[in-house]
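Read through the structure below, which is laid out as structure tokens, and then see the notes.
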Amino acid sequence: MMIKLISIDVDGTLLDNQGNLPPGNIAPIRAAKQNGIHIILNTGKPVSAIIDPYQTLALDDPVITLTGGLVLEKHGNHQWKRMRGSPIPVASFDLIYQAIKDIKITTHFMTENLTYIHHVKNDPIYLEQFDDAMRKFSCLDYIVMPTSPLKCWQDLEMPPYKIMLFSEIIDEVKQAWDALNNVKIPGIISEFSSPHTVDVRAVDSGKKNAIAFLCEKYGINQSEVMALGDHESDMELIQWAGVGAFMSNGDAAMKAKAPLLAPSNDVCGVAVMIEKYALK
């Protein structure tokens with residue numbers, strides 16, 4: 001089997017647990033690129049948060065951001081051009097808000113260029129920890145809102161391609177997920193992207209759909225795709241790909257559903273899988 005495209009999740013997969021790119025992942029990825037393999041960073045983050053690894057790896061392929069909400073290609077030195085976008089329907093905003101308004105959870109309203117954030121909690125320690133986490137994962141292009149962006153969206157950059165709900169308390173995250181799934185809002189999907197976050201996205205977005213779009217563009221078969229990831233939002237793609245592997249540092253329940261397991265992100269599992277399946 002020849003691999004022609006490798007989809008790599010970023011946090012918990014490409015990067016280590018400190019949010020850094022391990023040196024051991026660099027050479028195999030560059031070697032795969034030199035062999036003509038498309039290297040696609042496929043992340044829930046906005047594009048501004050993945051510029052450093054993209055440049056360090058000397059990539060020039062498109063990127064998939066906001067959990068498949070946007071597919072972007074490099075356009076000039078400092079610009080990105082939208083290839084595919086799957087925005088969240090405006091009609092769903094109030095339904096989402098009504099479902100979560102009584103839960104102590106932070107809302108991220110994520111557009112192509114900005115993230116608007118509304119905190120229900122005002123505890124200084126929580127806010128400091130939140131800012132530390134955003135710096136750790138290079139998500140710095142955000143604006144804190146006094147009210148939920150789901151209620152004042154007319155004044156914001158539009159459209160959102162992803163809404164992310166965050167809490168440091170796992171039970172609050174589960175409450176939000178349960179509330180959204182009990183309502184069954186048309187046009188959207190909600191899924192865990194980490195133990196502390198729920199992603200809300202359009203039904204036609206998602207990491208698998210975005211990769212399928214690129215495969216059609218490049219004339220690549222499903223069997224020629226390798227996909228690596230570590231959360232629920234990666235699983236559909238991992239199960240679809242010719243070579244799909246879930247990281248060993250990921251959730252135990254998800255690992256049981258994976259076709260293959262990769263070594264953890266802290267021991268360069270990405271490099272191991274590329275060397276075994278793409279550079280053999």
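The values are calculated or read from the model by the stated rules, or taken from the named source; none is laboratory data. Every value quoted in this text rests on a predicted model; they were computed, and no experiment measured them. Quick reminder, even Gly has a Cβ in these numbers, built from the backbone with ideal geometry, and neighbours come from all protein chains shown.
Answer yes or no: is there a residue in the stretch 41-58 that is closer than 23 Å to residue 184 by Cα, hydrophobic (A, V, I, L, M, F, W, C) and not assigned by TED's automatic domain parsing to the domain that holds residue 150. Even if it seems obvious, please write down each step before you answer.
To start, the set of residues in the stretch 41-58 that are closer than 23 Å to residue 184 by Cα comprises 44.
Next, from what is left, pick out any that are hydrophobic (A, V, I, L, M, F, W, C): none.
Looking through the stretch 41-58, none of the residues is closer than 23 Å to residue 184 by Cα, hydrophobic (A, V, I, L, M, F, W, C) and not assigned by TED's automatic domain parsing to the domain that holds residue 150.
Which one is farthest from the chain's Cα centre (by Cα), of the residues in the stretch 207-252 that are free of Cβ contacts under 8 Å to residues at least 24 places away in the same chain and buried (at least 19 other Cβ atoms within 10 Å of the Cβ)?
Looking at the filtered set, the residue picked out is 244.
Residue by residue through the stretch 253-280, note down the ones that are among the small types (Gly, Ala, Ser), surrounded by 21 or more Cβ atoms within 10 Å (Cβ to Cβ) and in a helix (DSSP H, G or I).
At the first step, the residues of the stretch 253-280 found to be among the small types (Gly, Ala, Ser) are 253, 256, 258, 262, 264, 269, 271, 278.
Okay, now just the ones that are also surrounded by 21 or more Cβ atoms within 10 Å (Cβ to Cβ), so 262, 269, 271, 278.
Across the stretch 253-280, the qualifying residues are 269, 271.
In the stretch 177-196, what count of residues is obtained for those that are in contact (Cβ under 8 Å) with a residue 40 or more places away in the chain and either out of contact with any Ser or Thr (no Cβ under 7 Å at 6 or more places or on another chain) or assigned to a loop (DSSP other than H, G, I, E, B) (or both)? Break it down into steps so the answer makes sense when it comes.
Within the stretch 177-196, the subset in contact (Cβ under 8 Å) with a residue 40 or more places away in the chain is 179-180, 182-183, 185-188, 191-195.
Filter once more, keeping what is either out of contact with any Ser or Thr (no Cβ under 7 Å at 6 or more places or on another chain) or assigned to a loop (DSSP other than H, G, I, E, B) (or both): 179, 182-183, 185-187, 192, 194-195.
Number of matching residues: 9.
Can you report the number of residues in the stretch 86-119 which are in contact with a strand residue (DSSP E or B) (Cβ under 8 Å, 6 or more places away or on another chain), of a type outside the set (A, V, I, L, M, F, W, C) and within 27 Å of residue 133 (Cβ to Cβ)?
11
Identify the single condition in (1) at pLDDT 95 or above; (2) assigned to a loop (DSSP other than H, G, I, E, B) that residue 76 does not satisfy, given that it satisfies every other one.
(1)
Within the stretch 163-188, track down each residue that is crowded, with 19+ Cβ neighbours inside 10 Å and over 16 Å from residue 105 (Cα atoms).
Of everything in the stretch 163-188, those that are crowded, with 19+ Cβ neighbours inside 10 Å and over 16 Å from residue 105 (Cα atoms) turn out to be 185, 188.
If a residue must be charged (D, E, K, R), in a loop (DSSP other than H, G, I, E, B) and out of contact with any helix residue (DSSP H, G or I) (no Cβ under 8 Å at 6 or more places or on another chain), how many such residues does the stretch 117-176 contain? Reasoning before the result, please.
As a first pass, look at the stretch 117-176 and keep what is charged (D, E, K, R): 121, 123, 128, 131-132, 135-136, 141, 151, 155, 157, 162, 168, 171-172, 174.
Filter again for in a loop (DSSP other than H, G, I, E, B), leaving 121, 123, 141, 151, 157, 168.
Narrowing further to those that are out of contact with any helix residue (DSSP H, G or I) (no Cβ under 8 Å at 6 or more places or on another chain): 123, 157.
Looking only at that region, the number is 2.
For residues in the stretch 81-113 being within 18 Å of the chain's Cα centre (by Cα) and of a type in the set (D, E, K, R), which is nearest to residue 177 (Cα to Cα)? Working first, answer last.
Initially, the stretch 81-113 is screened for residues within 18 Å of the chain's Cα centre (by Cα), giving 82-88, 106-113.
If we keep only those that are of a type in the set (D, E, K, R) too, we end up with 82, 84, 112.
Details: 82: 30, 84: 27, 112: 24 Å.
Ranking the qualifying residues of the stretch 81-113, first place goes to 112.
Just to be sure before I move on: is residue 211 in a loop (DSSP other than H, G, I, E, B), in the same structural domain as residue 266 (by TED's automatic domain parsing) and at pLDDT 95 or above in the structure I sent? Break it down into steps so the answer makes sense when it comes.
Working: in a loop (DSSP other than H, G, I, E, B): no; in the same structural domain as residue 266 (by TED's automatic domain parsing): yes; at pLDDT 95 or above: yes.
No, not satisfied.
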